[in-house]
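The block underneath contains the structure these notes are about, expressed in structure tokens.
The values are calculated or read from the model by the stated rules, or taken from the named source; none is laboratory data. Since we're looking at a predicted model, the values are computed, not measured. Cβ coordinates were reconstructed from backbone atoms using ideal geometry, including for glycine residues, and neighbour counts include every protein chain displayed. Each accessible area value is taken on the protein alone, full model and side chains, heavy atoms only, with ligands, DNA and RNA left out. Shrake-Rupley method; radii C 1.70, N 1.55, O 1.52, S 1.80 Å.
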Amino acid sequence: MKLPRHASAHLRETLRVSAQRAELAAGLRAATATILPLVAAELLHRQAFTSMALGGWLAGFADPGGPYRARAQALLEFILVGSSAYVLGTLVGRFPAAGVLALFVVAFGASFARVLGASIGTIGNLSLLVFCIAAGAPADSVHTALMRGGLLAAGALGAAFLALALWPIHAYGPAREAVAEALRALADCARAVAEAAQSGDEKAWSKTLVARPKVRAALELARTALAEVHERRLRETPRAAALVSLVERAELSYGVLIALAEVLQSCAERGSPDLAAGARLHALAGLIDEAAKIPQGAAEPPAHLEASSAAAGDAAVLLERLAGHVRALLDQRAPLQLAGAPAFQPAAPPPLIALRSAFSWESLELRYALRMATAVAAGALVAHLLDLHRQYWVTVTIVIVLQPHAGATLRKGLSRVAGTMLGATAAALLAPLLHRPLVTVLVLFALAVAAIALRKKSYALYGLFVTPLFVLLAESSAAGGAHLVQVRIIDTLVGGAVAILAAYLMWPVWERDRVFAYIGSSLERSRDYLQAVFGNQGTHERQAARRALGLAHGNAEASFERFLAEPHELAQIEPMMVTLSQARRLGAASVGLSVLRAGDVSQVPAQVSARLTAALDELAASARERRVPAELGDLRALLPAEGPWRELLERVVRPIELLRSALARLNQPAPR
């Protein structure tokens, strides 16, 4: 039987292994924080110490990484909120009816907290997991509940000590790493453009579209890390100023690279790829990689650049400009002044305003919180009625699997079930072999390391290792390992089924209803950036508009990926892909217009700039309103007959024409 296209896409996503590096250090740290309390439990014959192991394990997920203070704050919040949830859960778990009601209330509050930010949302989710586990293993007294909560806090505190003290991070460490990562992403993008320019292959050019959002995301993370350092210290330091200068120079380099990619792709499409430019760009990418070592303290990065290449025309101009930026990057060993640097991060709205604005039926966060609360309560009730063993495995599975979007929930559910089935089988095979405590500890330690190290590569792999870990770990005192394997599989299947049904039946949020708004926003930001270029605005204003454009492109492409995870019409895919790719091309062409002709952009006739921005207004409106855009007229007739402006403006007009065609096909009414 042939699977539907979206079903086969889910299956491929379940089996996909990411190219990200395994996080071995994080795995070792999490395993240490988890397994040491279990060793103490075994030596002291105190099973209550397993609460410490749980706290140590979950604290690793509460650590957001990045700026040092943000990590410490997040871990402290988890210790306080998580231990409180554990105490409350162990008390209300004694009363089934009250427990179901409490699950609903706690699940709603923990899920709705995500409107206050990603870190708080993660802490809320982890605290909900703690509450579900505690409610499934109720305490017989207040004293026992308080003791378990204290032990969980102690375990999380130990994990925080491991992460923040035994692995000390310099005050500038997270900022240095974030800046280095941004430069590495820039080098990867430059290398992808160079390889595409040399090969001329269409697939190679499509890879450059994947590399660009990674650069934007890395630059934004670097800005956030630097803003945190700047906020924490009352006076600016030379080191922070030098890091700031690296980021700003990387931002300028990225703008030139986008323009260069557009020029080189245009050459390839005309059948005359610029191989010399590709070779020079490949060499510059290697030097950017060397510049990425500067934030980490490289003593003497190479400062030699080839003087020129055989490239000609706009490509030669852009290559020379990019080479100048690379020279400046390699010269950043000396501290620089901070004066004139733009603001990094807009101030977040106050918590009460954020909560109030999200408290609307149109709010994705509100509907997700209600869906999560109802699903968790329903799962607990189903587990109770079916008299399932280890009922908290059902509710824990629901919390983990249920996502804000239906397609993402199905993918997470398939990954969870696949990993659990394989992991439970592994647990059944391992259980008879673990008779000696030392062997058991070593096996559990290895499973914990593997689970965390591979978590970002594949959630199914994470499930494969974490299932035997917790079957052998949390249930080590129970008899009948094979029975527990069967229980784990059944509980996971029930929880996964409840989560998927909730995602598809309870106030579902379909990405097909949202992706058009993201496309419209992307086109509006393209219009804003083009207006900034034609208006000859200052460097900082144009740079801010380009950042907003890059983020809008990234949001639209992420929405499209979620759209593909849902049932959809096949006819929508091609025009939507064209729309997204041409929006990127339009942005690149606009950057090229700014970089190559920033000084004399005022020479563009007002009629040309007005018509082009009006055309983008119409395209953005048609995307949001899901209608066929109006005819744009012959935009090429407005262009100069010859001269350098002709080719530059043609590169802007060409994607606008293709965008109009793609949006017309995308929004064409279906034949009756």
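Details
- Checked against (1) open to solvent by 50 Å² or more (accessible area, probe 1.4 Å); (2) of a type in the set (A, V, I, L, M); (3) modelled with pLDDT of 85 or more, LEU75 meets all criteria but (1).
- Members of the stretch 410-434 that are open to solvent by 10 Å² or more (accessible area, probe 1.4 Å), among the aliphatic types (A, V, I, L, M) and assigned to a helix (DSSP H, G or I): LEU410, LEU414, VAL417, ALA418, MET421, LEU422, ALA426, ALA428, LEU429, LEU430, ALA431, LEU433
- Flag if GLY407 is open to solvent by less than 20 Å² (accessible area, probe 1.4 Å), assigned to a helix (DSSP H, G or I) and modelled with pLDDT under 85: yes
- Candidate set: the stretch 29-72, residues that are assigned to a loop (DSSP other than H, G, I, E, B) and within 32 Å of the chain's Cα centre (by Cα); chosen: the one modelled with the highest pLDDT: ASP63
- Criterion applied to LEU464, LEU381, LEU438 was being part of a helix (DSSP H, G or I), under 20 Å from GLY495 (Cα atoms) and without any contact (Cβ under 8 Å) to a residue 60 or more places away in the chain, and the one residue passing it is LEU464.
- The stretch 78-123 - residue that is surrounded by 24 or more Cβ atoms within 10 Å (Cβ to Cβ) and under 22 Å from the mean Cα position of the chain (by Cα) and, of those, nearest to ARG367 (Cα to Cα): SER111
- Set VAL494, VAL487, VAL498: member being open to solvent by less than 20 Å² (accessible area, probe 1.4 Å) and either touching a residue at least 40 places away in the same chain (Cβ under 8 Å) or touching a His at 6+ places or on another chain (Cβ under 7 Å) (or both): VAL487
- Which listed residue is modelled with pLDDT under 85, of a type in the set (A, V, I, L, M) and closer than 21 Å to ALA113 by Cβ, from LEU434, LEU364, LEU370, LEU438: LEU364
- Taking the listed residues ALA182, ALA204, the one that is surrounded by fewer than 20 Cβ atoms within 10 Å (Cβ to Cβ) and more than 27 Å from ALA59 (Cβ to Cβ) is ALA204, with no other qualifying.
- The stretch 589-612, subset open to solvent by less than 20 Å² (accessible area, probe 1.4 Å) and hydroxyl-bearing (Ser, Thr, Tyr), residue modelled with the lowest pLDDT: SER594
- Considering residues of the stretch 190-201 that are of a type outside the set (D, E, K, R) and either in contact with a strand residue (DSSP E or B) (Cβ under 8 Å, 6 or more places away or on another chain) or under 15 Å from ALA283 (Cβ atoms) (or both) only, the residue most open to solvent (accessible area, probe 1.4 Å): GLN198
- Any hit, the stretch 327-348, residues being of a type in the set (S, T, N, Q), at pLDDT 80 or above and over 19 Å from ALA134 (Cα atoms): no
- Scan the stretch 449-459 for residues that are within 18 Å of ILE400 (Cα to Cα) and either modelled with pLDDT of 80 or more or among the basic types (Lys, Arg) (or both) and the total you get is 6.
- Some residue of the stretch 654-665 being modelled with pLDDT under 75 and among the hydrophobic types (A, V, I, L, M, F, W, C): no
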